[in-house]
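Since the structure comes first, as structure tokens, the remarks are kept for the end.
The values are calculated or read from the model by the stated rules, or taken from the named source; none is laboratory data. None of these values were measured; they are calculated from a predicted model. Cβ placement follows ideal geometry from the backbone for every residue including glycine, while neighbour counts extend to all protein chains displayed. Note: areas computed on protein heavy atoms with side chains; ligands, DNA, RNA excluded. Shrake-Rupley method; radii C 1.70, N 1.55, O 1.52, S 1.80 Å.
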Amino acid sequence: MWQLNEITKQSLQQQAQQRPADIYKSIAGKVLLLTGSFEYPGAALLSLAAARKSGVGYACLDVARELIPAFAARYPGALYQPRISADSAEFSDTLSSLLSNYDAVLIGCGRGINSTTGQELKFLLTHANNLIIDADALRLLAELQAQGELAPLLATRQRLNLATPVILPHYGELKSLYQVLASAGCSLTAADYALLSQIEDEAARRRLTAALLVQKAYQVNIVVKGVPTYCLVDNQCWCNTDACNALAKAGSGDVLAGLLAGLLAQGFSAAAAMSIAVYVHCRTAIVLSERCASTRTVMPEDLPAAFAAVFASIGLAC
């Protein structure tokens, strides 16, 4: 049975976990980001900035070798791994070695829809424990479903007892995931209909209906981006009713994905990480908009540096 909960400052304060003063970097969380490309280098920088500002001990960006010097000049405290082509004999061994050193992995933001990203996604589905899938990787996930390749990958994942992946689709990506489900054999349950009956807005109800079917078919937890934003996880539907149109800009989703990946790497439960990320992301945009007296001038790259005050407001100052 689904439980509908509102994400509030008070609900997040109850989930806050303080870190000891003597914590050291190797146990403060290690996150690996397979984000960015020559076409979309900014997506890598935005997801990396957000992950680092989440509080992780280590953040490593897997990206084209040629981009690393410029990125390292921007973020010298991050780690960098040259991207390996799927055609390389070292592809599987390199990814496997990387995964053994990290607590959570994000793939998709600006990664590109190509064969290497597709092979990266398939490898991660069967090897990565805390896996976050976004943006370009969501389109490839839908292709795997349409081609009948996803089911055996998910079966392997379940056999290995890997954690349920988290996806963060906007409405267009949600439609892509939903439209290929004709042969998946998923249908809504009485519990699903009971949840939907509590949603008054018709457009929100349609989004949530699609998300419920996608969750079953793809065996994922979902952050359903929009207004309101829904987090479907562990038979709970967490709802964030805050809204800020400052987030209606390219790159905002990359920040959210990096923030969520960083929180998962630190050991937060999926429910807590998803709720905290959604709240901090939106509330930070609201705070910045009030400070600037305009939502027009708040950019995605402004958000990570302003996370601190919102983290402090929910009991996560340290």
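If you filter segment 28-43 down to residues that are over 25 Å from Tyr279 (Cβ atoms) and outside any loop (DSSP other than H, G, I, E, B), you find that the one that is nearest to the chain's Cα centre (by Cα) is Leu34. Residues of segment 108-120 include at least one that is among the hydrophobic types (A, V, I, L, M, F, W, C), within 20 Å of the chain's Cα centre (by Cα) and buried (at least 24 other Cβ atoms within 10 Å of the Cβ). Is it the case, given these coordinates, that Asn130 is out of contact with any Ser or Thr (no Cβ under 7 Å at 6 or more places or on another chain) and either under 19 Å from Val220 (Cα atoms) or hydroxyl-bearing (Ser, Thr, Tyr) (or both)? It is true that Asn130 is out of contact with any Ser or Thr (no Cβ under 7 Å at 6 or more places or on another chain) and either under 19 Å from Val220 (Cα atoms) or hydroxyl-bearing (Ser, Thr, Tyr) (or both). All told, Glu200 meets the bar of being in a loop (DSSP other than H, G, I, E, B) and among the acidic types (Asp, Glu).
Being open to solvent by 30 Å² or more (accessible area, probe 1.4 Å) and in contact (Cβ under 8 Å) with a residue 40 or more places away in the chain holds for only one residue in Tyr75, Tyr24, Tyr40, and it is Tyr40.
Within segment 280-318, the only residue that satisfies the criterion of being of a type in the set (Ser, Thr, Tyr) and over 18 Å from Ser252 (Cα atoms) is Ser313.
Taking segment 44-159 and the helices (runs of 4 or more DSSP H) fully enclosed by it, the elements with 2 or more residues that are at pLDDT below 95 and not basic (Lys, Arg) are at 91-99.
Scanning segment 288-304 for residues that are of a type in the set (Val, Ile, Thr) and closer than 21 Å to Cys109 by Cβ yields one hit, Val298. Of the residues making up segment 283-318, those that are farther than 20 Å from Ala51 by Cβ, at pLDDT below 95 and hydrophobic (A, V, I, L, M, F, W, C) are Cys292, Ala293. Exactly one residue out of Asp103, Asp87 is out of contact with any Phe, Trp or Tyr (no Cβ under 7 Å at 6 or more places or on another chain) and either buried (at least 23 other Cβ atoms within 10 Å of the Cβ) or over 25 Å from Ala142 (Cβ atoms) (or both), and it is Asp103.
With the structure loaded, tell me whether Leu247 is over 25 Å from Asp103 (Cβ atoms), open to solvent by less than 30 Å² (accessible area, probe 1.4 Å) and over 15 Å from the mean Cα position of the chain (by Cα) or whether it fails that test. No.
The rows are residues; the columns are (1) closer than 30 Å to Ala317 by Cβ; (2) aromatic (Phe, Trp, Tyr); (3) surrounded by 17 or more Cβ atoms within 10 Å (Cβ to Cβ).
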{"site": "Leu188", "(1), (2), (3)": "no, no, no"}
{"site": "Leu196", "(1), (2), (3)": "no, no, yes"}
{"site": "Ile199", "(1), (2), (3)": "no, no, yes"}
{"site": "Ala211", "(1), (2), (3)": "no, no, yes"}
{"site": "Asn221", "(1), (2), (3)": "yes, no, yes"}
{"site": "Val224", "(1), (2), (3)": "yes, no, yes"}
{"site": "Leu232", "(1), (2), (3)": "yes, no, yes"}
{"site": "Val255", "(1), (2), (3)": "yes, no, yes"}
{"site": "Gly262", "(1), (2), (3)": "yes, no, yes"}
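Considered as a group, the residues in segment 125-162 that are in contact with a strand residue (DSSP E or B) (Cβ under 7 Å, 6 or more places away or on another chain) and closer than 19 Å to Gly267 by Cα include one that is surrounded by the fewest Cβ atoms within 10 Å (Cβ to Cβ), and that residue is Asn130.
Scanning segment 1-18 for residues that are surrounded by fewer than 15 Cβ atoms within 10 Å (Cβ to Cβ) and part of a loop (DSSP other than H, G, I, E, B) yields Met1, Gln14, Ala16, Gln17, Gln18. Residues in segment 269-305 that are open to solvent by 20 Å² or more (accessible area, probe 1.4 Å) and either part of a helix (DSSP H, G or I) or within 24 Å of Tyr102 (Cβ to Cβ) (or both): Ser269, Ala270, Arg283, Ile286, Val287, Glu290, Arg291, Cys292, Glu301, Asp302, Ala305. If the condition is being open to solvent by 80 Å² or more (accessible area, probe 1.4 Å) and under 26 Å from Leu259 (Cα atoms), then segment 171-186 contributes Tyr171, Lys175, Tyr178. Among the residues of segment 239-260, some residue qualifies, meaning at least one is farther than 25 Å from Ala128 by Cβ and β-branched (Val, Ile, Thr).
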